[in-house]
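Heads up: the structure comes next, in structure tokens.
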Amino acid sequence: MTTTEISRSVLTLRPDFATIAAWIKPGSSVLDLGCGDGTLLHYLGNKLDVRGYGVEISAHNILACMQKGINVIHSDLESGLSGFENASFDYVILSQTLQAMKNTENIIQEILRVGKEGIVSFPNFGYWKNRLQVAAGHMPVSSNLPYQWYDTPNIHLCTLHDFEQLCQQHQVNILERRVMNHDKKVAFFPNFFGILAFYRFGHAA
Amino acid sequence: MQDSDSIGIVSARRIHFDTPLSLKSGAVLDNYELVYETYGELNPERSNAILVCHALSGNHHVAGVYADNPNNTGWWNNMIGPGKPIDTRKFFVIGINNLGGCHGSTGPISINDRTGKRYGPDFPLVTTSDWAKTYVRFADQFGIDCFAAIIGGSLGGMSAMQLALDAPERVRHVAVIAASARLTAQNIAFNDVARQAILTDPDFHGGDYYSHGTHPRRGLRLARMLGHITYLSDDSMATKFGRELRNGSLAFNYDVEFQIESYLHYQGDKFAELFDANTYLLMTKALDYFDPAQDYDGNLSAAFARAQADFLVLSFTSDWRFSPERSREIVKALLDNKLNVSYAEIPSTYGHDSFLMQDNYYHQLVRAYMDNISI
């Protein structure tokens, strides 16, 4: 597959998956935590010859992965990644799940125990529309945060600054950051204009 | 069976092997027979064969019914047939009665050529490794270089793993359902109580009960009753029987009073009529001995280093005899060797027996996995 073909096929992928896929080296090994129906892994396997496993807890998603022929392991991320050896993957991905986890600090550490690099994406709570809703006296509800305060699974929302502070506290070395507003990159005041944040990180040198 | 996707009428066949078989125990069987059934057609490439391994008390009659006994439905008929999760329109499915069994394959009730009498206690203990050898020889007879898959639940799952370890080049996919990489002490303990029930039955006669015209029914019955309790869950027993009394009130004696007693006695009696005690003993030993990590200082990942197949591992939430934790140990060993593996824990209330039950999610998972096997 040529680079052009790869970048063209990336375009057909959900924008947030395309951002992640662009960071993955062809032929690498990937563990996708909370892999959903396996779309990203399916893409990575077919287009980038990536060998990988998904981790899921939902029966519906496990079945969807198996129907796609994706390796999927039923496991609860809240209890860590004890089924996986140290440094056994090139990348461990946690896509839009961090904010819904109870053991946030633990999963970041587990990602870097099991993976050489981690890739995490999450909705930026510092996005101006969120701030506006809070300023107006309400918890934010938007296409990226579609829940009411009482039924949201998102219990650990954060801003870009918050996440970067956590990384610093845990000796996590941020290698690359990408902030998106729908399918556009955000370079100007990302903590204010960015909707989705993506980080690629490794161990502190 | 009235269901339209049943395989329908099937019949058992037998195959004779003259090449002596060296067993793990050191004993040698000069010759032996295996009884088997097949469903579907072996394709010209001989690439669509699936071997289904049976559990402790199972046999080769996996699916369909017999013409002369339409009530004798195969033990996994809900899983195997045209259009079923293991689809006989795609696969050539084989069921074999394991060596040492009591349903037609050479075992303790067979006549020993050397003595002209039944083997009885002289039949050697066989292991999953010995069975794996017989599976390979069986495949050779059919010109099957490589099984598309080997599948089994419980002891059958262990037999399937054993083939993947002993003859990695002979199988592409392995489905390990409600199994374990080794029995726990508690699990061996249950087997020992079952064996003691049989071994101490006065009708056992050191295993040579055939020549005494008896059968250790009481022992076998107790063994089965105990086993049955461990195959169910507390919840499923509570739901099915609770504390219900047969006659509505306490009788203040030792007769059967509670429905659960009645049920267990019935199951035990039925089993004691149909199954051979020596085979039961032998099968429980095959379970106890299965431990692929034994030769690797207990390191299961090292044991699985020689495996090449893709794996499907399934467990059931209410199975406490072969709990999900045991399946996760298998998955860990497969992951450590970077083998393809999918694992699901299936919500279920039926305990270990869940692997035999009709369950939508369970069957969808098996179907999804089977659909992705190329032939």
For segment B:313-354, which positions are assigned to a helix (DSSP H, G or I) and either touching a Lys or Arg at 6+ places or on another chain (Cβ under 9 Å) or of a type in the set (A, V, I, L, M) (or both)? B:ARG326, B:GLU329, B:ILE330, B:VAL331, B:ALA333, B:LEU334, B:LEU335, B:GLY351, B:HIS352
All but one of (1) charged (D, E, K, R); (2) touching a helix residue (DSSP H, G or I) at 6+ places or on another chain (Cβ under 9 Å); (3) in a strand (DSSP E or B) hold for B:LYS90, so report the exception by its number. (3)
Please give the number of the condition B:THR19 fails out of (1) surrounded by 14 or more Cβ atoms within 10 Å (Cβ to Cβ); (2) β-branched (Val, Ile, Thr); (3) touching a residue at least 40 places away in the same chain (Cβ under 8 Å); (4) in a loop (DSSP other than H, G, I, E, B). (1)
Within segment B:47-84, tally of residues that are touching a residue at least 40 places away in the same chain (Cβ under 8 Å), under 26 Å from B:MET158 (Cβ atoms), part of a loop (DSSP other than H, G, I, E, B) and of a type outside the set (Gly, Ala, Ser): 13
Out of curiosity, is B:LYS338 more than 26 Å from B:ALA194 (Cα to Cα), touching a helix residue (DSSP H, G or I) at 6+ places or on another chain (Cβ under 9 Å), within 12 Å of chain A (Cβ to nearest Cβ) and open to solvent by 20 Å² or more (accessible area, probe 1.4 Å)? no
Residues (of a type in the set (Lys, Arg) and out of contact with any helix residue (DSSP H, G or I) (no Cβ under 7 Å at 6 or more places or on another chain)) located in segment A:89-125: A:ARG113, A:LYS116
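Could you tell me whether A:LYS47 is in contact with a helix residue (DSSP H, G or I) (Cβ under 7 Å, 6 or more places away or on another chain), among the charged types (D, E, K, R), over 17 Å from B:LEU335 (Cβ atoms) and away from chain B (no Cβ under 12 Å)?
Criteria met by A:LYS47.
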Across segment B:239-259, what is the total count of residues that are within 30 Å of B:LEU281 (Cα to Cα) and either among the aliphatic types (A, V, I, L, M) or not in a helix (DSSP H, G or I) (or both)? 5
Could you say whether any residue in segment B:78-94 is closer than 25 Å to B:ASN31 by Cα, surrounded by 24 or more Cβ atoms within 10 Å (Cβ to Cβ), modelled with pLDDT of 95 or more and not β-branched (Val, Ile, Thr)? no
Of (1) at the interface with chain A (Cβ under 7 Å from one of its Cβ atoms); (2) open to solvent by 30 Å² or more (accessible area, probe 1.4 Å); (3) not small (Gly, Ala, Ser), B:GLU325 fails just (1)
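Condition check ((1) open to solvent by less than 60 Å² (accessible area, probe 1.4 Å); (2) hydroxyl-bearing (Ser, Thr, Tyr); (3) without any contact (Cβ under 8 Å) to a residue 12 or more places away in the chain) across all residues:
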residue: B:LEU264; (1), (2), (3): yes, no, no
residue: B:ASN299; (1), (2), (3): no, no, yes
residue: B:ILE330; (1), (2), (3): yes, no, no
residue: B:PHE355; (1), (2), (3): yes, no, no
residue: B:TYR362; (1), (2), (3): yes, yes, no
residue: B:ASN372; (1), (2), (3): no, no, yes
Does segment A:135-153 contain any residue that is at pLDDT 95 or above, open to solvent by less than 40 Å² (accessible area, probe 1.4 Å), of a type outside the set (Val, Ile, Thr) and in a helix (DSSP H, G or I)? no
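Please find, among A:GLN96, A:GLN109, A:GLN67, the residue that is without any contact (Cβ under 8 Å) to a residue 12 or more places away in the chain and either touching an Asp or Glu at 6+ places or on another chain (Cβ under 9 Å) or away from every other protein chain (no Cβ under 14 Å) (or both).
A:GLN67
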Which residue is surrounded by the fewest Cβ atoms within 10 Å (Cβ to Cβ), if the candidates are limited to segment B:172-196 and must be without any contact (Cβ under 8 Å) to a residue 24 or more places away in the chain and polar (S, T, N, Q)? B:GLN186
Has segment B:159-171 got any residue that is within 18 Å of B:MET79 (Cα to Cα) and crowded, with 24+ Cβ neighbours inside 10 Å? yes
Go through segment B:341-353 residue by residue and tally those that are surrounded by fewer than 20 Cβ atoms within 10 Å (Cβ to Cβ) and more than 10 Å from chain A (Cβ to nearest Cβ). 1
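The values are calculated or read from the model by the stated rules, or taken from the named source; none is laboratory data. Since we're looking at a predicted model, the values are computed, not measured. So basically every Cβ, Gly included, is an ideal-geometry build from the backbone, and we count neighbours across all protein chains shown. Please note that ligands, DNA and RNA were not included when accessible areas were found on the heavy atoms of the full protein model with its side chains. Shrake-Rupley method; radii C 1.70, N 1.55, O 1.52, S 1.80 Å.
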